[in-house]
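Taking it in order: structure first as structure tokens, then the write-up.
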Amino acid sequence: MMSRAAPALDFDFLIVGGGITGCVMASLLVNRKLAAPGRVAIIANEAPPAAVPAVADSDWGLRVFALSRASQRLLILCGAWQLLPAQKYNPYERMCVWDGRGGQPLGGTPRGEPQGSGSLSFDCAELGEPNLGYIVEGRALQWACRRAATDAGVVFVDAGILKIAVDPAHVRVSLADGRDLQGQLLIAADGADSTARTLLGIETAGHAYHQDALVAHVRTALSHRNTAWQRFLPTGPLAFLPLPDGRSSIVWSTTRPEAGRLRALAAAAFGAELSAASGEVLGSCELTTPIASFPLKLQYALDYVRPRAVLVGDAAHAVHPLAGQGLNLGLLDCAVLAEVLGGDSRGPVGFGEHKLLRRYERRRKSENLLAATAFDGLERLFSNDNAAVARLRMVGLGAVGRVPFIKRRLAERALGLSGDVPEFLVKVVT
Ligand SMILES: Cc1cc2nc3c(=O)[nH]c(=O)nc-3n(C[C@H](O)[C@H](O)[C@H](O)COP(=O)(O)OP(=O)(O)OC[C@H]3O[C@@H](n4cnc5c(N)ncnc54)[C@H](O)[C@@H]3O)c2cc1C
């Protein structure tokens, strides 16, 4: 006699990927009352991160995020921000960006602040804001987001996915361990190499940057002054993000051969090259951690939706880290999707409706493509050696700095407080 297959476990929402984006999406669905506790499942292929004591130690892991004020508001709304140990985030007050052609901060002192044409800086005081955003430790953030989702009654199912099938009433997922899950809507939040996106038959476009981002923490002779520094070099941008213990987290994007050469250097030699590459803006640099390396690419999904399925986060778009916006964009995807779903009064049956999902796609695809293209354009602009282009860069950066309106609009975008931001996010008290 043939054994009957077990009935599919039933939920309203199935989220593939238990990273920061997946966990925030899940908590938000419960928080916005789009699903009851127990009705959202996250299919995760990673063990839960370390418990609080390990997360709360004073040292910082290598993955660090610059989060916008909008992302902070979303994390507050999800209950994740409140769980972050205070030593795991640092508000930053200023941002300074400059063209590194010539090896010294343009117009500034050799060991001082870049000024004048070819540089641009933003100060929270000028904008009437308490800060420009937060530098947050990735490990602690991942832990807090997963814990907040668990507290919200989200069910974690640890298994790989094999198949996604859609019928008029449900989306069904077959798992590698033999179980089947069903829901009204599947949300793919499983990152740039998304299996769910592939199973849904959604194609991507983009290109490799032929660059690696080197990530490490360094001690610098001069104080970082709670400033995020970014120097554009012909080989790629070099950023210093201020950590609460006085060190900075660097993200040094450079050509692949150059990244290989730098990684192979002894710590002291790496520190010396870093100081030189930064134009000594923070004086000499001392490497205090191993170096992690990430290959960089621009990738965007051609579609964000299929019947009863939708992409969020890096599954939909992977951008150059030069503006530190990848996760911020993914979190805004979650907020807009929740807003769009919240606009449908029919509850779970309406959530998979293509017309509704297309509304989300229209809003986020244009914003994300605009951001991806802007970062891509910046990367190309600053890696171009042509003298006329170099002049254009200098004039452009200086001009933006001198027109308060444009400067303010740019800053508000970076804070995540302008553009297509859901109303419920604007209202969150920080
Ligand atoms: C060097 C560097 C610096 C960056 N700095 C910043 C910054 O300062 N600020 C910022 O906003 N962004 C930054 N980014 C971008 C940011 O890292 C990404 O945008 C963000 O991590 C994407 O989150 P995600 O949850 O969408 O995907 P991921 O972080 O990739 O998470 C995907 C999750 O899905 C899981 N998964 C994968 N496949 C499956 C599967 N088949 N089944 C189940 N689960 C699966 C994974 O295990 C993981 O948990 C940076 C990126 C780089 C490379």
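The values are calculated or read from the model by the stated rules, or taken from the named source; none is laboratory data. Model, not experiment: these values are computed from the prediction. When we count neighbours, we look across all protein chains shown, and the Cβ atoms used for this are built from the backbone with ideal geometry, even at glycine. Calculation scope for accessible area: heavy atoms of the full protein, side chains included, ligands and nucleic acids excluded. Shrake-Rupley method; radii C 1.70, N 1.55, O 1.52, S 1.80 Å.
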Search the structure for amide H atoms under 5 Å from the amide H of residue 191, placed 1.01 Å from N in the peptide plane, and list their residues when 5 or more places away or on another chain.
-> 314, 315
In whole percent, how big is the carbon plus sulfur part of the accessible area of the stretch 213-299, probe 1.4 Å, protein atoms only?
-> 62 percent
Please work out the FRET efficiency for the pair residue 264 and residue 62, using the Cβ-Cβ distance as r and a Förster radius of 22 Å; give the result to the nearest 0.05.
-> 0.75
Averaging over all projection directions, find the projected area of the Cα convex hull of the stretch 262-365 and quote it in nm² with one decimal place.
-> 9.2 nm²
Indicate the gyration tensor shape class of the stretch 213-289 (rounded, prolate or oblate), computed on the Cα atoms with a ≥ b ≥ c the square roots of the eigenvalues: a/c under 1.5 is rounded; otherwise a/b larger than b/c is prolate and the rest oblate.
-> prolate
Amide H contacts under 5 Å for residue 64, placed H, 5+ residues apart | 138
Hey, what's the stretch 111-270 come to in accessible area per residue, 1.4 Å probe, Å²?
-> 38 Å²
Kindly list the residues of the stretch 178-209 that lie in the label zone of residue 159, defined by a backbone N under 12 Å from the point 7 Å along the Cα-to-C-beta vector.
-> 178-182
With all protein chains present, the stretch 118-200 has a carbon and sulfur share of its accessible area (1.4 Å probe) in percent of 51 percent
For the stretch 180-248, averaging the sequence separation of alpha carbon pairs under 8 Å that lie six or more residues apart and dividing by its residue count, the contact order in percent is 23 percent
Volume in Å³ per residue [convex hull over Cα atoms, computed for the stretch 167-307] = 170 Å³
Under 1.5 on a/c is rounded, so check that first for the stretch 54-94, then, if it is not, pick prolate when a/b is larger than b/c and oblate when it is not; a ≥ b ≥ c are the square roots of the alpha carbon gyration tensor eigenvalues.
-> oblate
So, counting K/R as plus one and D/E as minus one, what does the shell of residues with Cβ under 13 Å around residue 430 add up to?
-> +2
What list of ³J(HN,Hα) couplings, whole Hz, do you get for the stretch 163-177 from phi and the Karplus terms 6.51, -1.76, 1.60, once you set θ to phi - 60° and write x for glycine and proline?
-> 8, 10, 10, 10, 10, x, 9, 9, 10, 10, 10, 9, 9, 5, 8
Using just the C-alpha positions of the stretch 115-228 as equal point scatterers, what log10 of I(q)/I(0) does the Debye formula give at each q in 0.20 1/Å?
-> -1.26
Whole-Hz Karplus ³J(HN,Hα) for the stretch 310-318, in order, using 6.51 cos²θ - 1.76 cosθ + 1.60 and θ = phi - 60°, x for Gly and Pro?
-> 8, 9, 9, x, 5, 4, 9, 7, 10
Which lysines, on any chain, are close to residue 297 with Cα under 22 Å apart, when same-chain ones fewer than 8 places away are left out?
-> 365
Residue-wise HN-Hα coupling along the stretch 22-36, computed from phi with Karplus coefficients 6.51, -1.76, 1.60 (Hz; x: Gly, Pro) = x, 5, 5, 4, 5, 4, 5, 4, 6, 4, 7, 6, 8, 8, 7
